[in-house]
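Only the coordinates and a few stated rules stand behind these numbers; no lab work does. Keep in mind that this is a model prediction, so the values were computed, not measured. Quick reminder, even Gly has a Cβ in these numbers, built from the backbone with ideal geometry, and neighbours come from all protein chains shown.
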Amino acid sequence: MAFTQHSMRMSGILRGGGQTANCTVSALRVTLMGTRIFKDCLYTVLWVSESMPDGDYKLSIDDKTIAMSHSKRGWHATEA
């Protein structure tokens, strides 16, 4: 089956270590052509409203929660 993919920007909330911050996230949206079926993947945190210390966080977007890690290298998803 054929699919399309494009980059999406969305708002999210980061929570962890007693901290909460709003954020802007980029994700790759893959859609099965001719349907409304899609999957967002490859989440990247682009902007965070507050400075957050290194550590583990939960990124909430819509109905999803993605485990994220923050370090001097930036933000990275910690689960596939």
When you scan segment 2-19, do you find a residue that is of a type in the set (K, R), part of a loop (DSSP other than H, G, I, E, B) and out of contact with any Pro (no Cβ under 8 Å at 6 or more places or on another chain), even just one? no
Verdict on M52 being over 28 Å from T4 (Cβ atoms), surrounded by 12 or more Cβ atoms within 10 Å (Cβ to Cβ) and free of Cβ contacts under 8 Å to residues at least 60 places away in the same chain: yes
In segment 22-45, how many residues are exposed (fewer than 11 other Cβ atoms within 10 Å of the Cβ) and of a type outside the set (D, E, K, R)? 3
Among residues of segment 55-80 being of a type in the set (G, A, S) and on the phi < 0 side of the Ramachandran plot, the residue surrounded by the fewest Cβ atoms within 10 Å (Cβ to Cβ) is A80
Can you tell me how many residues within segment 26-45 are out of contact with any Lys or Arg (no Cβ under 7 Å at 6 or more places or on another chain) and either part of a strand (DSSP E or B) or under 10 Å from R9 (Cα atoms) (or both)? 11
Based on what the data block shows, is K58 touching a residue at least 24 places away in the same chain (Cβ under 8 Å), of a type in the set (K, R) and assigned to a strand (DSSP E or B)? yes
Looking only at segment 19-49, and only at residues there that are charged (D, E, K, R) and in contact (Cβ under 8 Å) with a residue 24 or more places away in the chain, the one that is farthest from H6 (Cα to Cα): D40
